[in-house]
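Each reported figure results from applying straightforward, stated rules to the coordinates on display, with no laboratory input. For clarity, every value in this text was computed on a predicted model and none was experimentally measured. Please note: Cβ atoms are built from the backbone with ideal geometry, for glycine as well, and neighbour counts cover all protein chains shown.
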Amino acid sequence: MSEAPVRPERSRGKRSRGVRLWDDAALACPYCGEPADLQVEASGPSSEEYVEDCPVCCRPWTVRVSRSDEGASVSLDRSDG
């Protein structure tokens, strides 16, 4: 499992009244170990889970995002169990 706190970055998209829309998380693929940068929405539900493929080895990750007042954290797990 690869886990990292999310670090705020400038939005690559539209900003709304100076509010950050995206956060960036630097992690490593749980299969091939290559670095992976994920962009997650700065606001949203307190937790969410989705599947995304590694851009290098194309294997599926389970991405888990947790948000709290202290910030967000993102973890990657292998989707094959």
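Label separation (Glu70 vs Ser43): 2.3 nm, computed from points 7 Å beyond Cα along the C-beta direction.
A simple spin-label model places the labels of Glu34 and Val51 2.0 nm from each other, with each point 7 Å out along Cα-to-Cβ.
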